[in-house]
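The values are calculated or read from the model by the stated rules, or taken from the named source; none is laboratory data. A quick note: this is a predicted structure, and the numbers were derived from the prediction, not measured. Glycine also receives a Cβ, built like all others from the backbone with ideal geometry; neighbour counts cover every protein chain displayed. To get the accessible areas, we keep the full protein, side chains included, count just its heavy atoms, and leave off ligands, DNA and RNA. Shrake-Rupley method; radii C 1.70, N 1.55, O 1.52, S 1.80 Å.
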Amino acid sequence: KAGVTQTPRYLIKTRGQQVTLSCSPISGHRSVSWYQQTPGQGLQFLFEYFSETQRNKGNFPGRFSGRQFSNSRSEMNVSTLELGDSALYLCASRAGTGGSPQHFGDGTRLSIL
Amino acid sequence: AQKVTQAQTEISVVEKEDVTLDCVYETRDTTYYLFWYKQPPSGELVFLIRRNSFDEQNEISGRYSWNFQKSTSSFNFTITASQVVDSAVYFCALSEATQKLVFGQGTRLTINP
């Protein structure tokens, strides 16, 4: 069974640009979550989607948005990029609710110049 | 509010030594889940174990064991006879009703040959 797939693996952008990251969950998983990992703040929750609906959102500005498609694939968009957005962005999927474990992809490493 | 504290930022031991990673959590919920994840240098988070708040049984899986104590709000992880391949950053995480994961800051474990 294929794991969570994130594309691209690496991305370099400049300030002010926007970026879209993609995540394909494990087959059959309907929940997709996104996390940001930085050396200073650690791992922080961005948002979760379930059946194309945002179910939960972390404390990030509106520049961070996402969506989920009918096939459970998800995209995350960051607009007006800032230097502080440089991070590893991790996507996770899980089969259901009630504390089922989240399984993570390899991440997209975003660097802002 | 939920919080996870991993007081040990870095641990370095010699191969074959036993090592324990500490995790202390805070939550007001009576139903919650605790997790351990491993992050090797490649970046992906690998799920190791999940425990729900009603199951205080310790668990052993090969060289890995976990000790969950609600009385002290701790969920510690022990590696017996450590190996170089165990070198990674280990994260403890908590989820409540919102089901988002709140991570500790991580413990970087280095096993020296």
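Here A:Q37 meets each of (1) at pLDDT 95 or above; (2) surrounded by fewer than 17 Cβ atoms within 10 Å (Cβ to Cβ) with one exception, condition (2).
For region B:66-113, the set of residues classified as assigned to a loop (DSSP other than H, G, I, E, B) and small (G, A, S) consists of B:S73, B:A81, B:S82, B:S87, B:A97, B:G104, B:G106, listed by residue number. Determine if region B:21-37 includes at least one residue that is in a loop (DSSP other than H, G, I, E, B), in contact (Cβ under 8 Å) with a residue 60 or more places away in the chain and at the interface with chain A (Cβ under 9 Å from one of its Cβ atoms). Yes - at least one qualifying residue is present in region B:21-37. Put simply, of B:Q83, B:Q57, B:Q99 the only residue that is modelled with pLDDT under 95 and more than 11 Å from chain A (Cβ to nearest Cβ) is B:Q57. Here is a check on your reading of the model: is B:A88 open to solvent by 60 Å² or more (accessible area, probe 1.4 Å) and within 27 Å of A:G107 (Cα to Cα)? For B:A88, the condition - open to solvent by 60 Å² or more (accessible area, probe 1.4 Å) and within 27 Å of A:G107 (Cα to Cα) - is not met. When region B:97-113 is filtered for residues that are open to solvent by 30 Å² or more (accessible area, probe 1.4 Å) and farther than 16 Å from B:F47 by Cβ, the ones remaining, listed by number, are B:A97, B:T98, B:Q105, B:R108, B:T110, B:N112, B:P113.
Condition check for A:G58 on (1) more than 12 Å from A:R109 (Cα to Cα); (2) touching a residue at least 60 places away in the same chain (Cβ under 8 Å); (3) facing another protein chain (nearest Cβ under 9 Å): one failure, at (2). Of the residues making up region B:55-75, one or more are touching a Ser or Thr at 6+ places or on another chain (Cβ under 8 Å), open to solvent by less than 30 Å² (accessible area, probe 1.4 Å), over 26 Å from A:T5 (Cα atoms) and of a type outside the set (S, T, N, Q).
Restricting attention to region B:4-18, does a residue exist that is farther than 18 Å from B:N112 by Cα and part of a strand (DSSP E or B)? Talk me through it step by step, then tell me what you get.
First, the residues of region B:4-18 that are farther than 18 Å from B:N112 by Cα: B:4-7.
If we keep only those that are part of a strand (DSSP E or B) too, we end up with B:4-5.
Yes.
Among the residues that make up region A:8-18, is at least one of them assigned to a strand (DSSP E or B) and crowded, with 17+ Cβ neighbours inside 10 Å? No: zero hits. On the stretch given as region A:80-100, residues that are buried (at least 18 other Cβ atoms within 10 Å of the Cβ) and either without any contact (Cβ under 8 Å) to a residue 40 or more places away in the chain or among the β-branched types (V, I, T) (or both) total 2. When region A:73-113 is filtered for residues that are assigned to a loop (DSSP other than H, G, I, E, B), away from chain B (no Cβ under 14 Å) and either among the hydrophobic types (A, V, I, L, M, F, W, C) or under 13 Å from the mean Cα position of the chain (by Cα) (or both), the ones remaining, listed by number, are A:R73, A:L81, A:L113.
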